[in-house]
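In what follows, a single structure is set out as structure tokens and then discussed.
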Amino acid sequence: MTPHLDLVIYAVHVAFWGTFGLARLLSRSGLPGAANAPAPAPVAERPRAAPFARTLLAIHMVAFGVMYFGLGQAVIPDAVPDWFPGQRLVGGLVIAGGAALMAWAVVYFRSWRFSAKLDQGHQLATGGPFRFVRHPIYLGMDLLALGTALWVPEVIVWAALGLMMLGSELRARAEEKLLEEGFGDAYRSYCGRTRRFIPGIY
């Protein structure tokens, strides 16, 4: 390997978060393509919050901390293990897929919040990427961690992937309970035709 070629992974991560940030700006700008879920999407009548929402958010924060610590331990001293030919390309493509999915989700769904809560007027998103999975943003985070673990196959980075997936699962379950309370039969019907993270499987 060319010395320190793996430093490129930091640029890939910057591009991932930059894409997410630009999508958030677009979703709030009112520009074409930044519309709310099309009418007649169900709308929350009163504010609600999921129990332990901040605690569950903290699991994701720890996962990111572990992931970036593991990256530094392997990438900065140029000690990324070679696992299989093309691992960096495959990892980069997985990360790009996660970025595209998250950007699509936040542009489509302007009611999205970092913490699991429903504001009054919050719309139920069932189109865009939400047609395929119920939690495309969490899936995008999992893809970021998976792509990183493929690029930098160190135990600590794979542990971060496990933490990321645990955080996504727990937050998804908490949000599903909250959305069922807020939207009732409309949300139950939506859950009946979609999967949590993997279309047609789970």
Original post:
Order of Tyr187, Tyr138, Tyr68 from fewest to most other C-beta atoms within 10 Å?
Top reply: Tyr68, Tyr187, Tyr138
Original post:
Could you give the dipole magnitude of the range 126-202 about its Cα centre, charging the beta-carbon of Lys and Arg +1 and that of Asp and Glu -1, in debye to the nearest 20?
Top reply: 240 debye
Subject >> Cα-based Rg of the range 54-186 normalised by 2.2 N^0.38 Å, two decimals >> reply: 1.17
Original post:
Exposure proxy check: Asp142, Asp78, Asp6, Asp185 ranked by fewest other beta carbons within 10 Å?
Top reply: Asp185, Asp78, Asp6, Asp142
Original post:
What's the exposure ranking of Ser27, Ser189, going from fewest to most Cβ atoms within 10 Å?
Top reply: Ser189, Ser27
Subject >> Rg/Rh for the range 116-190, where both radii come from Cα atoms and Rh is the Kirkwood radius >> reply: 1.08
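Each reported figure results from applying straightforward, stated rules to the coordinates on display, with no laboratory input. Everything numeric here is computed off the predicted structure, so don't read it as measured data. Cβ: placed from backbone, ideal geometry, glycine included. Neighbour counts: every protein chain shown.
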